[in-house]
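The values are calculated or read from the model by the stated rules, or taken from the named source; none is laboratory data. These numbers were taken from a predicted model, which means no experiment stands behind them. Cβ: placed from backbone, ideal geometry, glycine included. Neighbour counts: every protein chain shown. The protein model used for the area step is the full one, side chains on, heavy atoms only, and it has no ligands, DNA or RNA in it. Shrake-Rupley method; radii C 1.70, N 1.55, O 1.52, S 1.80 Å.
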Amino acid sequence: MRIAQVAPLTEAVPPKLYGGTERVVHWLTEELVALGHDVTLFASGDSQTSAKLDALWPRALRLDGSVRDPNALHMVLLERVRQKCDNEEFDFLHFHLDYYPWSLFHRQPTPFLTTLHGRLDLPEHQPVFNTFSKMPVISISNAQRRPVPQANWVTTIHHGLPEKLLTPKPAKQEYLAVLGRIAPEKGVDRAIKIAMHCGIPLKIAAKVDRADQDYYDELIKPMIAGNPLVDFIGEISDHEKSDFLSGALGLLLPIDWPEPFGLVMIEAMACGTPVIAFNRGSVPEIIDEGLTGFVVEDLLSAAGVVKRLPQLDRAAIRKQFEERFTARRMALDYLAAYRSLQEAQAPRIKLVSSAE
């Protein structure tokens, strides 16, 4: 199959450090190529891929200080994809740009779908999904669907990561871990309170975005300054995550927002590390209670299950990752979705051709 993967230009594919959507696009693209498909990746020029790279802009927009209006370049990107569709270069289009492609691409015959990677509970989403209620969309969790039941949901496909990207390492588990991004919705302040309540060291491997600098300066920095239990490491790359997570008693995810998926949970599972997460968004779908971690409601219940973490079988956690959350499983699920949409659209395309 000739497949186009259309990624945001904001980060490289894969991103150099933080960037969930672009990381998932990379893993999916590599698996589709490995399965023998002809894949074109539309992404920034500093991306690395086994597919054909079609680069509209030389570097990720987040790293390019000369770009002040990223929407302009994304509009050009969509037009480039459309022109290639006019030349019948693809059998299927897979967008990772939220709702931006819909107005243009529902007027052309090449089958396509969009994976929605973000939250969908904002009021302004309602008119979008009311207007484009027939656009085929993939959810990354069933929980993500709740605010917009009127959308044309094809299926839910949980994210997956390469089976050997992160693996358990021999280590003594001596601390609790936070991984990802320091932001109010991620609840790093609550993670610190949990660790302090339990008297267990906490290591924080996370980035601070410009938008969250005030949260860090006003709330987090005072909590970690001079605190012997808290070690703020900063942002880490994929090759550092196996050691970091393998040395952790558990990963803390005391979130306070409708998490659409939460890649960090399956990154921990890949290392055999259990997760303690608040019951928000996708969490109950990802964590198998008492097997790969614990789903809790508040700080006290989180602190209460910390003592149970050593009882969980880390080999069983890794096995659950292998069964549910690999990139190969994700790619096969997407191929099934592509083919079902192709088959559904085939009669319409034949009808249009006959009319011509």
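A few remarks follow.
- Inter-label distance, nm, simple model (7 Å from Cα along the C-beta direction), Glu185/Asp238: 2.4
- With the simple spin-label model, which puts each label point 7 Å out from Cα in the Cβ direction, the Ser50 to Leu165 separation comes to 1.4 nm.
- Electrostatic bookkeeping for Leu35 treats Lys and Arg as +1 and Asp and Glu as -1; over the other residues with beta carbon under 15 Å from its beta carbon, the sum is -2.
- Within the shell of other residues whose beta carbon sits under 9 angstrom from the beta carbon of Glu11, the net charge comes to +2, with Lys and Arg scored +1 and Asp and Glu -1.
- Residues of the chain: accessible area per residue with a 1.4 Å probe, Å²: 44
- Seen from Ala225, the other residues with C-beta closer than 15 Å to its C-beta sum to a net charge of -3, counting Lys and Arg as +1 and Asp and Glu as -1.
- Between Ala211, Ala316, Ala151, the Gaussian network model of the chain with springs among Cα atoms under 10 angstrom shows the greatest mean-square fluctuation at Ala211.
- Using C-alpha pairs below 8 Å separated by at least 6 residues, the relative contact order for the range 1-72 is 33 percent.
- The chain: calculated mean residue ellipticity at 222 nm from DSSP helix runs of at least 4, using -39500 (n - 2.57): -11000 deg cm²/dmol
- Rounded percent of accessible protein surface that carbon and sulfur make up, the chain, 1.4 Å probe: 51
- Among Tyr338, Tyr100, the order of accessible area from largest down is Tyr100, Tyr338, computed with a 1.4 Å probe on protein heavy atoms.
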